[in-house]
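All remarks here apply to the structure that follows.
The values are calculated or read from the model by the stated rules, or taken from the named source; none is laboratory data. Source: prediction; values computed, not measured. Cβ placement follows ideal geometry from the backbone for every residue including glycine, while neighbour counts extend to all protein chains displayed.
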Amino acid sequence: MLKDKKILLGVTGGISAYKAIDLASRLTKAGAVVRTILTKNAQEFVTALNFAAITGNPVLTKEFQLNEPIAHVEWAGWADLIVVAPATGNILAKAANGIADDLLSSTLLASPKPIFFAPAMNIFMYANKATQNNVETLKSYGHYLMEPASGMLACGYEGKGRLPEPAEIAQAISIILNSTRDLVGKKLLITAGASRESIDPMRFITNHSTGKMGLALAIAAYWRGAEVTLIHSWIDQSPPEYINAIKALTAQEMHNEVFRTRKDQDAIIMTAAVADYRPAQPQSDKIKKSGDLSLELVRTKDILADLGNDKLEGQILVGFAAESENLNENAKAKLHKKNLDYIVANDLAVSGMNETNINIISQDSQIEFAGSKLAAANQILDTIFKV
Ligand SMILES: Cc1cc2nc3c(=O)[nH]c(=O)nc-3n(C[C@H](O)[C@H](O)[C@H](O)COP(=O)(O)O)c2cc1C
């Protein structure tokens, strides 16, 4: 999704500037053409040579240079997307107020397109009213802001201020470069992951779902402007902090959370692999090993069927059908039986960890798609919202 995309990476003088090297590397490996601008203060932390070597493309650090006389205008026009990561409190303040006193800030002012900022700083610098106002101002100008992550900061404080992981930033950039903010005003409920049904305090029944498809849908919808709620059971990787995520490990917990949050949603997309059965009598003490053991299983509530039976006016209901045989026939039967608007049939035989092969089926249409889960997420959103 990043092949041949032209990305201008602006690096500012924060402690996490070293992570921008990893980001530059990921973007380059994914096929993007990355040029870099380092502020004077960024060079206290990382060097121009790091980025030149990793991207194989030009790096600029100064505004006034004979070989690139009007770089701020030319590079701003060249880029498909300008990414400022890490973005200091200082660059946010300058960009929010139109200050252009060095190469990076002049380039931001000369850019006619939305810019992506990934702020990172000490918790008090980020919480400062001035920074918060600047963040809001930049959002109101149509720029993309990625919330800092929480955790232990290099300055010794714990809280919100860390630069999110480069993989997360690259994922967001991928979505932004392949879509627009066409889902602003939409509310979306997405479920993801593999449910866990306890046998005893140590053991549980689960399945092989990684939750990646649901996560990709949540991330894609978020950067396309939707208000996203993600209800997830066990998933392979934690959801990004900017996603409103609610944990619901069992089928019953997920049922409760879905029905608690479903009102006012424009669409519900159920990608979670919810257990069909659970142990009838989960034990409160660990079951001791002795001879063979039979488990009695009982049916869990069918969340999708319950949603379909009591469908809310105007709400789009989307189910997933992961099948290993008779894919389309089984999926179509589920579409009718559960009163769904769409079913995404997912061929288990050909789908992998990050790639997928899907068929998006409605009463009167069928769209086949093969590619990354992020690209598939975009395709599903395009189809159900008809954009
Ligand atoms: C060791 C050290 C670490 C710093 N880390 C950050 C940081 O993570 N985020 C931030 O906004 N400022 C940080 N600063 C302050 C900025 O470097 C300072 O505001 C500078 O003027 C930013 O310049 P620039 O935005 O032009 O790169 C740090 C300063 C020092 C000395």
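Odds and ends about this structure:
- Top-ranked residue of segment 79-90 - restricted to ones that are over 17 Å from Y18 (Cα atoms) and touching a Leu at 6+ places or on another chain (Cβ under 7 Å), ranked as farthest from the ligand (Cβ to nearest atom): D80
- Which listed residue is of a type outside the set (G, A, S) and modelled with pLDDT of 95 or more, from T210, T261, T180: T261
- Applying a threshold of 6 Å to beta carbon distances and a minimum spacing of six or more residues, or different chains, the list of pairs starting in segment 40-68 at a residue that is farther than 15 Å from G10 by Cβ and touching a residue at least 12 places away in the same chain (Cβ under 8 Å) and ending at one that is assigned to a helix (DSSP H, G or I) and more than 16 Å from the ligand (Cβ to nearest atom) reads I54/A24; I54/S25.
- Evaluation of M353 against the conditions (1) closer than 27 Å to T250 by Cβ; (2) buried (at least 16 other Cβ atoms within 10 Å of the Cβ); (3) modelled with pLDDT under 95 shows that the sole unmet condition is (2).
- Failed item, numbered, when N207 is tested on (1) assigned by TED's automatic domain parsing to the domain that holds D285; (2) of a type in the set (S, T, N, Q); (3) surrounded by 17 or more Cβ atoms within 10 Å (Cβ to Cβ): (3)
- Some residue of segment 104-124 being more than 9 Å from the ligand (Cβ to nearest atom) and touching an Asp or Glu at 6+ places or on another chain (Cβ under 7 Å): yes
Listed here are the residues, each with its yes/no results for (1) closer than 16 Å to A17 by Cβ; (2) among the polar types (S, T, N, Q); (3) surrounded by fewer than 20 Cβ atoms within 10 Å (Cβ to Cβ).
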residue: N97; (1), (2), (3): no, yes, yes
residue: T107; (1), (2), (3): no, yes, no
residue: P119; (1), (2), (3): yes, no, no
residue: K129; (1), (2), (3): no, no, yes
residue: N134; (1), (2), (3): no, yes, no
residue: A167; (1), (2), (3): no, no, yes
residue: R181; (1), (2), (3): no, no, yes
residue: K186; (1), (2), (3): no, no, yes
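- The number of residues in segment 159-214 being touching a Phe, Trp or Tyr at 6+ places or on another chain (Cβ under 6 Å) and of a type in the set (V, I, T) comes to 2.
- Considering only residues in segment 12-37 that are assigned to a strand (DSSP E or B) and without any contact (Cβ under 8 Å) to a residue 40 or more places away in the chain, the one that is nearest to the ligand (Cβ to nearest atom) turns out to be T36.
- Unique residue being among the hydroxyl-bearing types (S, T, Y) and touching a Leu at 6+ places or on another chain (Cβ under 7 Å) when the list is T36, T47: T36
- If the condition is being over 25 Å from the mean Cα position of the chain (by Cα) and outside any loop (DSSP other than H, G, I, E, B), then segment 288-323 contributes L297, V298, R299, A305, D306, L307, G308, N309, E323.
- Single residue of segment 1-11 satisfying the filter (more than 16 Å from the ligand (Cβ to nearest atom) and not in a loop (DSSP other than H, G, I, E, B)) that is farthest from N90 (Cα to Cα): K6
- Any pair with Cβ under 9 angstrom, 6 or more apart, that starts in segment 81-102 at a residue that is farther than 11 Å from L145 by Cβ and part of a helix (DSSP H, G or I) and ends at one that is within 7 Å of the ligand (Cβ to nearest atom) and of a type in the set (S, T, N, Q): G89/N122; N90/T12; N90/T39; N90/N41; I91/T12; I91/T39
- Subset of segment 136-159 that is free of Cβ contacts under 8 Å to residues at least 24 places away in the same chain and not in a loop (DSSP other than H, G, I, E, B) - its residue that is surrounded by the fewest Cβ atoms within 10 Å (Cβ to Cβ): S140
- Residues being within 16 Å of the ligand (Cβ to nearest atom), in contact with a strand residue (DSSP E or B) (Cβ under 9 Å, 6 or more places away or on another chain) and not small (G, A, S) - total across segment 44-71: 8
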